[in-house]
Number of protein chains: 2
Amino acid sequence: MAKKLTSREQDYSQWYNEIVQGADLAENSGVRGCMVIKPYGYAIWEKMQAELDRMFKATGHVNAYFPLFIPKSYLSKEAAHVEGFAKECAVVTHYRLKNAEDGSGVVVDPTAKLEEELIVRPTSETIIWDTYRKWIQSYRDLPILVNQWANVVRWEMRTRLFLRTAEFLWQEGHTAHATKKEAVEETEQMINIYAEFAKNFMAMPVVQGLKSESERFAGAEETYCIEALMQDGKALQAGTSHFLGQNFAKAFDVKFATKEGKQEYVWATSWGVSTRLMGALIMTHSDDHGLVLPPKLAPFQVVIVPIYKGEEQLDAVSEVANKVKKALEAKRISVKFDNRDTHKPGWKFAEYELKGVPLRLALGARDLENGTIEVARRDTLEKETYQIADIENKVEHLLENIQDNLYNKALTFREEKTYKADSKEEFIKLIEQGGFVYAHWDGTAETEELIKKETKATIRCIPLGVKMEDGVCLFTGKSSDKRVLFAKAY
Amino acid sequence: MAKKLTSREQDYSQWYNEIVQGADLAENSGVRGCMVIKPYGYAIWEKMQAELDRMFKATGHVNAYFPLFIPKSYLSKEAAHVEGFAKECAVVTHYRLKNAEDGSGVVVDPTAKLEEELIVRPTSETIIWDTYRKWIQSYRDLPILVNQWANVVRWEMRTRLFLRTAEFLWQEGHTAHATKKEAVEETEQMINIYAEFAKNFMAMPVVQGLKSESERFAGAEETYCIEALMQDGKALQAGTSHFLGQNFAKAFDVKFATKEGKQEYVWATSWGVSTRLMGALIMTHSDDHGLVLPPKLAPFQVVIVPIYKGEEQLDAVSEVANKVKKALEAKRISVKFDNRDTHKPGWKFAEYELKGVPLRLALGARDLENGTIEVARRDTLEKETYQIADIENKVEHLLENIQDNLYNKALTFREEKTYKADSKEEFIKLIEQGGFVYAHWDGTAETEELIKKETKATIRCIPLGVKMEDGVCLFTGKSSDKRVLFAKAY
């Protein structure tokens, strides 16, 4: 615990890894690319899940569950989709092991080979649209507004905890509609919900926009995204919402009878966020002392550490601490009272700093005499001593203030790191130093590819509501009517 | 909807299937043995999850997440465990597909073969204890009280929706302790929690007991279980809690330093319930009209159906219905007001009967004049007309009454179907007609196997707190000191 973290300046990537491990969020497992999400990390994910689930349900969605496995032939049914997802995936070929003849353990039983291989779902459009065919006959069956919380697997070669793992947890919404208009509105509603969640709960500002054609989801007609800026100046795609047109309805033959009795293909959307949000959360707020958590997502918002010598003092301090705890809990503030005798206060201070607990309250014998309590904010690292009477209102106020402060700090950071580039040289320089760069682009996939090759920057999105503005593409000189958002990205 | 269900008498198994499908709980998918859990079914599972999760957390447990995949070699490390689980499982052998040369679709890329095959987890003891080795050094790191909500896969040859599926959802608790005593207490605590949940939420009486050695979890030293009796007289194992001794600690070399500085192996438990509980819930309460749900697990507890001619009447009825809905919701009663104009009241009545909604309120123009409302109970199918004033208190009381009534009915059923057999002939006759049969057994696996062969009955459990009583085994005549519980089982 006493060991200092590597600073962001020194080695950003190492800093990130040390926080993930040091704050007990996650660790690598014995299975290549698959992580173990530890209880403290999982508690943050549960808070995210609970809030997102509430938002989905408030907009009429219900949860369901579809199979983990996808028959190989399903993937081939939508041409663009198979190109995007069939390549790096986990393939189940057998359904039995048997004892090795030499007694060395178990081996795959060659007689138990599947007729058709099964793919561990990398995303569930195909298995779900195969199911929707049975659910949808008439306009009366529409819309279908379903979400699924699940694990998915994409065989990534280079993995990083939370940011890119072979298995990850996510939610995937899959909706079916009678009209294009309704499907587009759903797609937009969901990206708005993600942006609202990022802002109000993660305290993370995001840019909303459309992906360029080459960055679209495989099988989508339009992909909406939210993009956040990390402290190293790289962008992170934090959520996507896809308008799928009638592509999957056509691939899986899902038609409905309209009110007028005509047969039409159904319109589709899908949208998802994943445990990648954990990576975004960590990199948005944390500092060289460790994790910093917005109060709304902290497993516990307040920790109380007793300062004492001997059991008698601990008893006296505990009595007051437990009263404070109760008063805070009555205000729905989550509190941990760490009265472990196995660790010293200084050790505990460092521990909770590393774990990003928003407020630390320290209470000692002197405080009991004076009717005071020491309060330390994790975001600013400021300490102040308050009267203990009415401390619950003070704490409530401070937690709100921390939540706001974290958002404003992140927003200021992003604004300071957001640039406009008007020449190729300027563009290259800005991309190199990191940040969001708005620049003109001629709209072609070829130029997009060229820019990526030369600078490693990708088009993060074509921002929604972007101002039309005449200009020329920095790389080809061809005309352009708006700036798009470039950055190097995770 | 109008179609009558097959009756239990006629064909119990068909009746079950028709309820699962007719009440929109689940259906088979395009993947052999894997089900789709539909929104209405999933909503019941979510209610179960929420309550169990609350009970786990109230007893100090936290959630975490471990990998879906288990390296083949891990399974071999615990000898009994591999015997039980390595046989029928999904094996991942490759990590890439490629386009077929003949353009026919995608095929497994033979160059992307894994060095070591991965097993889709049938249960997670091995991957978790491989992880605990890193988490546990000293007695200070104990106990570890972790639970995981996850999907697991066991390659069952004969599957039935909820009762036995290749993939299912469950929770698996995995705890680590410094002493045998503490681990045994944890094992017992968790089976008590399952029994309490079954009684208070599922309204399902269960017998708690120990499994015989041959029915134990593969790798356990003792398996506690809860056993419920279904309406066809067959038993259903509804939850298990295992005392694992030091077996997994030894297999994965997990030791800790005691307070005295000695190195000792860690003691373990694991415990789980699954979507199988959905099958138990359905078969415990439902009748020939469809699903019957205990109010505490119903996705909505009350449905209000308007009876009207024309829009004017609908408006008038809706105004009152919405007031009733609000008054009920203020009491935390969940309500659906079904004002769809696409279906007639009679159709809706049949629909909600099939779906097991505990209370149906019908409100018509005549009721508005009289200040009344008709209330129909799903459990007894009784209808009564009440004054609408104060209806929320009436409904609250009725819901409590339904919850109790369902439990008492199920308990009476079980008691009527619980027998003692004192001769082999009697035993065979009772087992044939269905029910729980208490009988003496000589305690050997051979006799257990013999009884199973001759009668299809298995030992469901050796009930906890069973009275010691001298007797002789019905099949071998050898002496026995207590009766154990026999039944045919799911």
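The values are calculated or read from the model by the stated rules, or taken from the named source; none is laboratory data. As the structure is a prediction and not an experimental result, all values here were calculated from the model. As a convention, Cβ positions derive from the backbone with ideal geometry for all residues, glycine included, and neighbour counts pool all protein chains shown.
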Those helices (runs of 4 or more DSSP H) completely within the stretch A:334-417 that have 1 or more residues that are more than 20 Å from A:Ala23 (Cβ to Cβ), free of Cβ contacts under 8 Å to residues at least 12 places away in the same chain and within 31 Å of the chain's Cα centre (by Cα) are A:391-416
A:Tyr40 fails exactly one of (1) touching a strand residue (DSSP E or B) at 6+ places or on another chain (Cβ under 7 Å); (2) outside any loop (DSSP other than H, G, I, E, B), namely (1)
Quick check: is even one residue across the stretch A:28-41 surrounded by fewer than 23 Cβ atoms within 10 Å (Cβ to Cβ) and aromatic (Phe, Trp, Tyr)? yes
Is it true that some residue in the stretch B:272-284 is among the hydrophobic types (A, V, I, L, M, F, W, C), crowded, with 19+ Cβ neighbours inside 10 Å and in contact with a His (Cβ under 6 Å, 6 or more places away or on another chain)? no
Could you list, in sequence order, all residues of the stretch A:308-333 that are out of contact with any strand residue (DSSP E or B) (no Cβ under 8 Å at 6 or more places or on another chain), closer than 17 Å to A:Tyr386 by Cα and without any contact (Cβ under 8 Å) to a residue 40 or more places away in the chain? A:Lys323
Considering only residues of the stretch B:123-156 that are free of Cβ contacts under 8 Å to residues at least 60 places away in the same chain and assigned to a helix (DSSP H, G or I), which is nearest to the other protein chains (Cβ to nearest Cβ)? B:Arg140
Can you pull out every residue in the stretch B:29-84 that is of a type in the set (Phe, Trp, Tyr), touching a residue at least 12 places away in the same chain (Cβ under 8 Å) and within 10 Å of chain A (Cβ to nearest Cβ)? B:Tyr40, B:Trp45, B:Tyr65, B:Phe66, B:Phe69, B:Tyr74
When the residues of the stretch A:180-210 are narrowed to those that are aliphatic (A, V, I, L, M) and in a helix (DSSP H, G or I), which ends up surrounded by the most Cβ atoms within 10 Å (Cβ to Cβ)? A:Met190
Any residue in the stretch B:80-103 that is assigned to a strand (DSSP E or B) and of a type in the set (Gly, Ala, Ser)? yes
For the stretch B:358-383, how many residues are farther than 20 Å from B:Pro294 by Cα and out of contact with any Pro (no Cβ under 8 Å at 6 or more places or on another chain)? 10
So, B:Pro306, is that one in contact with a helix residue (DSSP H, G or I) (Cβ under 9 Å, 6 or more places away or on another chain) and either buried (at least 20 other Cβ atoms within 10 Å of the Cβ) or more than 23 Å from B:Met204 (Cα to Cα) (or both) or not? yes
Would you check which residues across the stretch B:446-457 are crowded, with 21+ Cβ neighbours inside 10 Å and either under 17 Å from B:Ala228 (Cα atoms) or not acidic (Asp, Glu) (or both) and list them? B:Ile451, B:Ala457
Inside the stretch B:51-101, can you point out the residues that are over 13 Å from B:Pro122 (Cα atoms), of a type in the set (D, E, K, R) and under 23 Å from the mean Cα position of the chain (by Cα)? B:Glu51, B:Asp53, B:Arg54, B:Lys57
Please determine whether any residue of the stretch A:320-340 is over 29 Å from A:Met48 (Cα atoms) and β-branched (Val, Ile, Thr). yes
Cβ pairs under 7 Å, 6+ apart, first in the stretch A:443-468 and small (Gly, Ala, Ser) and assigned to a helix (DSSP H, G or I), second at pLDDT below 95 and surrounded by 15 or more Cβ atoms within 10 Å (Cβ to Cβ): none
In the stretch A:85-122, which residues are among the small types (Gly, Ala, Ser), at the interface with another protein chain (Cβ under 10 Å from one of its Cβ atoms) and free of Cβ contacts under 8 Å to residues at least 60 places away in the same chain? A:Ala86, A:Ala100, A:Ser104, A:Gly105, A:Ala112
For the stretch A:211-299, which strands (runs of 3 or more DSSP E) that fit wholly inside it have 2 or more residues that are in contact (Cβ under 8 Å) with a residue 60 or more places away in the chain? A:222-229, A:235-245, A:255-257, A:267-274
Name the residues in the stretch A:198-244 that are touching a Leu at 6+ places or on another chain (Cβ under 8 Å), closer than 19 Å to A:Ile431 by Cα and acidic (Asp, Glu), would you? A:Glu227
Could you list, in sequence order, all residues of the stretch A:429-445 that are more than 21 Å from A:Asp470 (Cα to Cα) and either touching a Phe, Trp or Tyr at 6+ places or on another chain (Cβ under 8 Å) or surrounded by 15 or more Cβ atoms within 10 Å (Cβ to Cβ) (or both)? A:Leu430, A:Ile431, A:Gly434, A:Gly435
Please indicate, with yes or no, whether at least one residue in the stretch B:173-192 is touching a strand residue (DSSP E or B) at 6+ places or on another chain (Cβ under 9 Å) and either within 11 Å of chain A (Cβ to nearest Cβ) or within 19 Å of B:Ala86 (Cα to Cα) (or both). no
